[in-house]
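I have placed the structure first, in the form of structure tokens, so that the comments after it can refer back to it.
The values are calculated or read from the model by the stated rules, or taken from the named source; none is laboratory data. Quick caveat: nothing in here was measured; it's all calculated off a predicted structure. All Cβ positions, glycine included, derive from the backbone under ideal geometry; neighbour counts span all protein chains shown. What goes into the accessible areas is simple: the full protein's heavy atoms, side chains included, and nothing from ligands, DNA or RNA. Shrake-Rupley method; radii C 1.70, N 1.55, O 1.52, S 1.80 Å.
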Amino acid sequence: MNRINQKLQEDKKLLSIYFTAGYPNLGDTVSIIQDLEKNGVDMIEIGLPFSDPLADGPTIQESSTKAIRNGMTTHKLFEQLQGIRDTVSIPLLIMGYFNPILQYGVQEFCEKCQEIGIDGLIIPDLPVDVYNEKYKTIFEAHGLNNVFLITPQTSVERINFIDSVSNGFIYMVSSASVTGSSTGFSNDTREYFKRISEMKLKNPQVIGFGISDSESFQQATKFAKGAIIGSAFIKHLTNKGTSKIAEFVKNIR
Amino acid sequence: MSYQVNEKGYYGEFGGAYIPEMLYPNVEELRSQYLEIMKEESFQEEFKQLLKDYVGRPTPLYFAERFSKKYNTKVYLKREDLCHTGAHKVNNTIGQILMARRLGKTRIIAETGAGQHGVATATVCALMGMECIVYMGAIDIERQAPNVARMKMLGATVIPALSGSRTLKDATNEAIRDWINNPVDTHYIIGSVVGPHPYPDMVAKFQSVISEEIKTQLLEKEGRENPDYVVACVGGGSNAAGIYYHYLDKPEVGIIAVEAAGKGVFTGESAATSALGKEGIIHGSKTLLMQTEDGQITEPYSISAGLDYPGIGPMHANLFRTGRAEFISITDDDAMKAGLELSNLEGIIPAIETSHALAIFETRKFNEDDVVVINLSGRGDKDLNTYIEYFNL
Ligand SMILES: Cc1ncc(COP(=O)(O)O)c(C=O)c1O
């Protein structure tokens, strides 16, 4: 069974962390992953940086620009991740935009992910219908969960469709926004969390965007299986460097 | 085979809507309604009335006699430079603002490079009393001060795009992010035939008035609707889409697309997407774009800010891939020379974008009785500083 599916069966709320590969320094990727696991993080999204990340706010954009400038590429990331499964056992996902994956070759990309032990992909600009038609069989043949996003604006019909083609969890975007925008949840947002949790979907939901601290983590996981922190962690790396990861994770839970 | 968009939003293998889920409701709302709205009689009436009374259409189809004599062929100029605001861009913004109103939107966002599309958007927002926010690369804001001032006079808010390379592609990213953050009340007026489906088709349809007029005008002047060639410069490709539109599926009409070679196609300072680009995804569309081997989008270069875009619209990617259109690239120097030449021969100072299309006659020879129609997409007022510096005027 895929590590993501296994993890989702554990009787706990999951803390998932996103970081941009190659940031702050090109060579930080593996040690950040190891430190996050060591400090009790349940799942990691490794950001494959892209020059034009449409769904991201300034924090992740800037870290991506810096990472690319540092020399991060798809080839480089795979090179760094060789052997990661000797030391790390929590689920690892790659989150990135579709163009770099397309240039690498979707088939080759999936093969490489399987070889390394990547469990899933989050590709915000790969639409669900295109995935279903063209890429689903390739992803599944390589044991990869593909994770789709839903937002407060996503219709019930579409949520049910996304649920039907998902095979891990659904990434619930907390509000109509790019990453790193909001602080704290409004009543409307809590209503939306509740509404989705009452839909009793086949796939559990993990909430992301706007989760930055212990309070927002607690609130989100009241309604969902877990939550993803991205921009707040990148900011922490920017301000405190890579040696204070334990402190960041402890402050969340 | 048709060169028009298919029902799934593709031109051949290009197009589609590669957008994050956050954009899906906005784009889907537009996709599911744009054709119906455009077909409504009241929409067509209002659109045509504004094009006539406000924009000044139909624009003349002018036989450029001295220019023709020089190149020993029959050259007609479709005078989009005479449109209100000085370029073809306003055909699209008029159409889209009417679309936005019918969709119940109250806030308009747009991206702009040189500022032409930003001005055309700010203009129609003033006309309709709608809030207007224009994203513009911080570097372009410095380079295009007069157009920034025009937008401000028209009541628009100009927001600098500070991310990435701080030019047109980044302004487009910022506009898309704004739309993600404001999914309910906002309409995004894209300035060219780029972006996710239905934008390329919708913008092409609004610009198609150009070739629609040419058909009747040419019939009057030459006794036939079809020229032998239609020629346009291609940034994203909206003025080109407009002049090609009604001729796309008429094989007897040759299609010529002119891209900016910058300092030379292989100098590393170029915007010749068909020569340098590879298939990929930019701004939600599968098309040809300039990128690194790793799939990072690269920054193009051209002396003309309006051609300085790392992609081309999916319609044009398909015209290139299928060989339906002939693609020619023109350097900064050759374009500037052609701009000066048209000024001298015909008393028309063209936009530098347009000058690229005019420059092909030096190398691309036509028959004496060929009828060649060039889209004179804009006037040169906005480029005066560049002309002054280049020619030491
Ligand atoms: C006069 C003129 N022509 C052409 C263009 C290029 O755009 P497109 O390729 O969409 O026509 C511009 C863009 O600013 C322009 O101002």
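Show that you can apply the helix-only estimate: for chain B, add -39,500 (n - 2.57) for every DSSP H stretch of four or more residues, divide by all residues, and state [θ] at 222 nm to the nearest 500.
Mean residue ellipticity at 222 nm (helix-derived): -12000 deg cm²/dmol.
Provide a whole-number value for the mean count of partner chain Cβ atoms within 10 Å of the Cβ atoms in peptide A:94-102.
Mean inter-chain Cβ contacts per residue within 10 Å come to 5.
With r as the distance between the Cβ atoms of A:THR242 and A:GLU79 and R0 = 22 Å, compute the FRET efficiency 1/(1 + (r/R0)^6) and round to 0.05.
So, using R0 = 22 Å, E works out to roughly 0.70.
Sketch the reach of a paramagnetic label on A:GLN34 as a point 7 Å from Cα along Cα-to-Cβ, and name the residues of region A:63-84 whose backbone nitrogen lies under 12 Å away.
A:84
How big, on average over all directions, is the shadow cast by the Cα convex hull of chain B, in nm²?
The number I arrive at for chain B is 17.5 nm².
Classify region A:13-252: rounded, prolate or oblate, from the alpha-carbon gyration tensor (a ≥ b ≥ c, eigenvalue square roots; a/c under 1.5 rounded; otherwise prolate if a/b is larger than b/c)?
Note, shape of region A:13-252 comes out oblate.
Using r as the Cβ-Cβ distance of B:GLU362 and A:ASP188, and R0 as 60 Å, what FRET efficiency do you calculate, to the nearest 0.05?
0.45
So with the 1.4 Å probe, I'd like the accessible area per residue for the protein assembly as shown, rounded to whole Å².
It amounts to 36 Å² per residue over the protein assembly as shown.
Around A:PHE50, with a cut-off of 12 angstrom between Cβ atoms, what is the net charge of the other residues, counting Lys and Arg +1 and Asp and Glu -1?
Counting the neighbours of A:PHE50, the net charge comes to -4.
Peptides B:260-273, B:233-246: what's the order by average Cβ count within 10 Å, highest mean first?
B:233-246, B:260-273
Of A:LYS76/A:LYS240; A:LYS134/A:LYS200; A:LYS240/B:LYS278; B:LYS78/B:LYS263; B:LYS8/B:LYS215, which pairs sit farther than 31 Å apart, going by alpha carbon to alpha carbon?
A:LYS240/B:LYS278
Would you calculate, for chain A, the mean residue ellipticity at 222 nm contributed by helices, counting each DSSP H stretch of 4 or more residues as -39,500 (n - 2.57) and dividing by all residues, to the nearest 500?
The helix contribution divided over chain A gives -12500 deg cm²/dmol.
Efficiency by 1/(1 + (r/R0)^6): what FRET value for B:ASN181 and A:GLU215, r their Cβ-Cβ distance, R0 = 25 Å, to the nearest 0.05?
Result of the calculation: an efficiency of 0.65.
For chain B, give me every cysteine whose Cβ has no other Cys Cβ within less than 4.7 Å, ordered by residue number.
B:CYS83, B:CYS233
Shielding of B:280-287 by partners, i.e. mean partner chain Cβ atoms within 10 Å per residue?
3
Each label point is 7 Å from the Cα along the Cα-to-Cβ direction; what then is the distance between the points at B:ASN72 and A:ARG69, in nm?
Each label point lies 7 Å from its Cα, and together they span 5.5 nm.
What does the net charge come to around B:GLY235 if you take all other residues with beta carbon closer than 10 Å to its beta carbon, with K and R at +1 and D and E at -1?
-3
In the structure displayed, which of A:LYS66/A:LYS194; A:LYS12/A:LYS66; B:LYS52/B:LYS74; B:LYS74/B:LYS205 lie more than 30 Å apart, Cα to Cα?
Violating the 30 Å limit, Cα to Cα: A:LYS66/A:LYS194; A:LYS12/A:LYS66.
Ignoring ligands, DNA and RNA, how much accessible area is buried between chains B and A, both sides summed, with a 1.4 Å probe, to the nearest 100 Å²?
Counting protein atoms only, the buried area is about 2800 Å².
Mind ranking B:118-124, A:223-229, A:83-89, B:197-203 by how tightly packed they are, going by the mean number of other C-beta atoms within 10 angstrom, highest first?
Per-residue mean Cβ counts within 10 Å order the peptides as B:118-124, B:197-203, A:223-229, A:83-89.
To the nearest Å, what is the center-to-center distance of region A:97-121 and region B:353-388, using C-alpha atoms only?
45
With a ≥ b ≥ c taken as the square roots of the eigenvalues of the C-alpha gyration tensor of region A:14-95, please select rounded if a/c is under 1.5 and otherwise prolate if a/b is larger than b/c or oblate if it is not?
Here region A:14-95 falls in the oblate category.
I'd like the mean, over residues of B:40-50, of how many other protein chain beta carbons sit within 10 Å of each residue's own Cβ.
0
With the cut-off at 1.5 for a/c, could you classify region B:251-321 from its C-alpha gyration tensor as rounded, prolate or oblate?
Judged from the Cα gyration tensor, region B:251-321 comes out oblate (a/c at least 1.5, b/c at or above a/b).
So how much slack lies between B:GLU293 and B:LEU219, counting 0.36 nm per residue of separation and subtracting their Cα-Cα distance, in nm?
Separation in residues times 0.36 nm, less the Cα-Cα distance, equals 21.8 nm.
Given a cut-off of under 8 Å on Cα pairs at least six residues apart, what relative contact order in percent is computed for chain B?
With pairs under 8 Å counted, the relative contact order is 20 percent.
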